[in-house]
1. Can you pull out the residues in the range A:178-199 that are out of contact with any Gly (no Cβ under 7 Å at 6 or more places or on another chain) and either within 14 Å of chain C (Cβ to nearest Cβ) or among the β-branched types (Val, Ile, Thr) (or both)?
2. For the range B:43-75, which residues satisfy the criterion of being among the charged types (D, E, K, R) and closer than 16 Å to B:Ala99 by Cα?
3. Say whether the condition of being buried (at least 20 other Cβ atoms within 10 Å of the Cβ), within 12 Å of chain A (Cβ to nearest Cβ) and part of a helix (DSSP H, G or I) is met by at least one residue in the range C:212-235.
4. In the range C:35-55, how many residues are more than 11 Å from the chain's Cα centre (by Cα) and either in a helix (DSSP H, G or I) or modelled with pLDDT of 95 or more (or both)?
5. Condition first: in contact with a helix residue (DSSP H, G or I) (Cβ under 7 Å, 6 or more places away or on another chain), buried (at least 24 other Cβ atoms within 10 Å of the Cβ) and assigned to a loop (DSSP other than H, G, I, E, B). Can you find one or more residues in the range B:125-138 that meet it?
6. Could you tell me which numbered condition C:Asp125 fails, if it satisfies all but one of (1) more than 9 Å from every other protein chain (Cβ to nearest Cβ); (2) buried (at least 21 other Cβ atoms within 10 Å of the Cβ); (3) among the charged types (D, E, K, R)?
7. Can you name the residue in the range A:213-235 that is away from chain C (no Cβ under 14 Å) and among the aliphatic types (A, V, I, L, M) and, of all such residues, is surrounded by the fewest Cβ atoms within 10 Å (Cβ to Cβ)?
8. Quick check on the range B:235-244. Is at least one of its residues over 13 Å from the mean Cα position of the chain (by Cα) and surrounded by 18 or more Cβ atoms within 10 Å (Cβ to Cβ)?
Amino acid sequence: MYRTSVLKAGIAVAVTVMTLSAPTLAADSIIVQSTTSTQNSGLYKHLLPVFKKKTGIQVNVVAVGTGQAIKNAQNCDGDVLLVHAKASEEKFVKVGYGVKRSDLMYNDFIIVGPPADPAKVGGMKNAAGALKKIAAANALFASRSDNSGTHKKEVRLWKAASVDLKNASGKWYRETGSGMGATLNAGVGMGAYVMTDRATWISYKNKGDYKIQVQGDKNLFNQYGVILVNPKKCPAVKQATGQKFIDWLVSDEGQKTIGDYKLGGKQLFFPNAKKGQS
Amino acid sequence: MLERAQILDRPALAAGAREEPSALLPCEVRGLCFKAGDKQLIGNIDLTLVAGQVTIILGPNGSGKTLLVRLLHGMIEPSSGEISWGGMPLDEATRKRQAMVFQSPVLLRRSVAANIEFVLNLHDGSKLQTVEEILHMAGLDDKASQPARLLSGGERQRLAMARALATRPDILFLDEPTASLDPASTLAIENIVSLACDRGTKIIFITHDIGQARRLGDEVIFMHHGHILEQSPAKRFFDSPSSTQAQDYLAGRIVL
Amino acid sequence: MQNFAEAFTLAFDLMLSADDDLLEIIGLSLRVSLMAMAISTLIGLPIGAVIGMSRFRGRGATIILLNALMGLPPVVVGLCVYLMLSRAGPMGWMGLLYTPTAMIIAQSILITPIIAALSRQVIEDLHNEYAEQFRSLCVPPGSAIAALLWDARYGLLTVALAGFGRAVAEVGAVIIVGGNIEHLTRVMTTAIALETSKGDLALALALGIVLLSIALLVNAAVMGLRMTATRFSYA
């Protein structure tokens, strides 16, 4: 008798646990394939509740590197793409996967490094010049090397600095193949310079004694764009709901909400959608 | 060594307990061989086992006693030769009317009662006795709900005996069931054996204990190197064994 | 070292506060991994039992394969499930990607070989013990399997727990097929990965401590159940 009741109690607990907090995809919801910087910086936590309150739409964010986000969207596994690699985004639209690309907001990239600053790049504005000095000094540099928006930008800057990375890889050039946060963790851990977007850096908590060494170059400009995945390629795309989200993001209200997001008193993203572009 | 008088002090039998001799007997074995690879472990055995006797199998280690019993019980297939039980082949129907107890009993990881129930549920229509009756016979009445594996060595073997007898088999094979038991536990097992025998079960008993063989045996089979050297009534075997190997064995000399 | 001290305080605070978001994440972790464990047991146990108690050609190779599959890399499983469930994949029409169901599928694939391989060993050991007696008793195969499963139940429970442990601690597969979406597919491990990438190592560690505590609780609960059952019934 006792055993039966114990068994029953066990089953009851198991069933309760399984049904407890069982979220499912809400009817009015979309999936946004996005970049890690927007999520890690807390922007979505600031934006999405405002949007949900207004429209009742649940926005589910999958935060991966820009390269993977675009891949996922091409597999039709998302309704909206919000990333930061303009050339790739334009290509995405051109080959028919996206309906239209809209500028959304920007911030900038920075190069952070240890306070000892072995390559003596502290205070420099010229990003390519700084990279050249880092290469010349054989100072450690941690790169994401994950085909993300940040990585693509970094590669362009190395090209501008005419540094050949092939021979440096594994020596002073360390390719982590991971996200921004993981790469920062690795960089701080080994005393390497890292190029990161400013939003991630401001919200990043494991800075140690790291400092911003290089900033202010117009080549370090970081533009975010937003695209509706094309229902012609991906019939499952929730066109109307996705478009509603994009429309709100580029609207005066959406843009103001983006601009209002601050961390430690610092604004992380600067809205720059063109009027009437969506 | 225990005296014969002690064994007579066994549980009283119900009136008319000795039942009809089993239809499974006699057992006829003709030209039985068992080979492992090139090695002949059982060589060309002819044997007849009749009803109503406790047959003791004696012989030094490696003489093929256990193998012979396994072949008779159908646990393994012979390389050649034939075994029949009451004119019937050794098939599942025949085998279901036999039981076997091993030297170290294999008990299910369940309660004492559940071990008996398992066997009773296996063969429909075999519920001749209740679990309580069966446990009572083995003196395990108060252990019914205990885990079988926590019993003492003697209790474990008694349970194995009780389980083997639960379905009232016609034939019971015993492979040195008391080899690792103390005298009291050995006596308890012997009592159960005698009880089963009185109920009409044919006992085929392997032992190294010559005293036990004298106490229980009606007939002795003496094995050596995979052959049967002697099959004779117990009294004659113990008084005047015909083979030198049996003489040596009984005298406690090493038999090669 | 400061991170560790901070993490323990934080973990303690987290557990005491019973924060809604944390409870939701814990609930989903348990739901996904317990479901995966249940499904894997339903599939893996019979496979393990059959292999454990039968002899057939290629059995050795099957066991080697099964044992090797215990080391399936979660990321590879995640990737395969992603490719299957993606809208562009063969099962995309079901719309399961980025749902808890997708995570359950991935974890089930990951731990089914573990449950099959370990239960094979448990069943085989018991079968070796029982085989002779069963042969003597002419136990039919069906009853033999049932008896082995029942008598090995506590060993098999430990096997199921090993599967659960692997599932609940796994991140590589669920982050790919679940997407780590807040309030939808975020579980303990993906939350830990996220906090690590935000550089909040203390919070990540604290979540790790909470996860470990939950695993401890689940195991203690099962052990308690087992001990009560043993005391009141059969060993």
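The values are calculated or read from the model by the stated rules, or taken from the named source; none is laboratory data. Given the structure is predicted, the values throughout are model-derived calculations rather than measurements. Here Cβ is always computed from backbone atoms with ideal geometry, including for glycine, and neighbour counts include all displayed protein chains.
1. In the first step, residues of the range A:178-199 are kept if they are out of contact with any Gly (no Cβ under 7 Å at 6 or more places or on another chain); the result is A:178, A:180, A:182-183, A:186-187, A:189-192, A:195-199.
Of everything in the range A:178-199, those that are out of contact with any Gly (no Cβ under 7 Å at 6 or more places or on another chain) and either within 14 Å of chain C (Cβ to nearest Cβ) or among the β-branched types (Val, Ile, Thr) (or both) turn out to be A:Ser178, A:Met180, A:Ala182, A:Thr183, A:Ala186, A:Gly187, A:Gly189, A:Thr196, A:Asp197, A:Ala199.
2. To start, the set of residues in the range B:43-75 that are among the charged types (D, E, K, R) comprises B:46, B:65, B:70.
B:Arg70, the sole residue that qualifies.
3. First, the residues of the range C:212-235 that are buried (at least 20 other Cβ atoms within 10 Å of the Cβ): C:234.
Restricting the remaining residues to those that are within 12 Å of chain A (Cβ to nearest Cβ) gives C:234.
Filter again for part of a helix (DSSP H, G or I), leaving none.
Looking for residues that are buried (at least 20 other Cβ atoms within 10 Å of the Cβ), within 12 Å of chain A (Cβ to nearest Cβ) and part of a helix (DSSP H, G or I), one finds none in the range C:212-235, hence no.
4. Applying the first criterion (more than 11 Å from the chain's Cα centre (by Cα)) to the range C:35-55 yields C:42-55.
Now restrict to residues that are either in a helix (DSSP H, G or I) or modelled with pLDDT of 95 or more (or both): C:42-53.
The qualifying residues number 12.
5. The answer is yes; a qualifying residue exists.
6. Tallying (1) more than 9 Å from every other protein chain (Cβ to nearest Cβ); (2) buried (at least 21 other Cβ atoms within 10 Å of the Cβ); (3) among the charged types (D, E, K, R), C:Asp125 fails exactly one: (2).
7. In the first step, residues of the range A:213-235 are kept if they are away from chain C (no Cβ under 14 Å); the result is A:213-228.
Retained after the next criterion (residues that are among the aliphatic types (A, V, I, L, M)): A:214, A:220, A:226-228.
Values: A:Val214: 25, A:Leu220: 21, A:Val226: 25, A:Ile227: 26, A:Leu228: 24.
My answer is A:Leu220.
8. So the first thing to find is which residues in the range B:235-244 are over 13 Å from the mean Cα position of the chain (by Cα), and the list is B:235-244.
Of the ones still in play, those that are also surrounded by 18 or more Cβ atoms within 10 Å (Cβ to Cβ) are B:237, B:241.
Among the residues of the range B:235-244, at least one is over 13 Å from the mean Cα position of the chain (by Cα) and surrounded by 18 or more Cβ atoms within 10 Å (Cβ to Cβ), which makes the answer yes.
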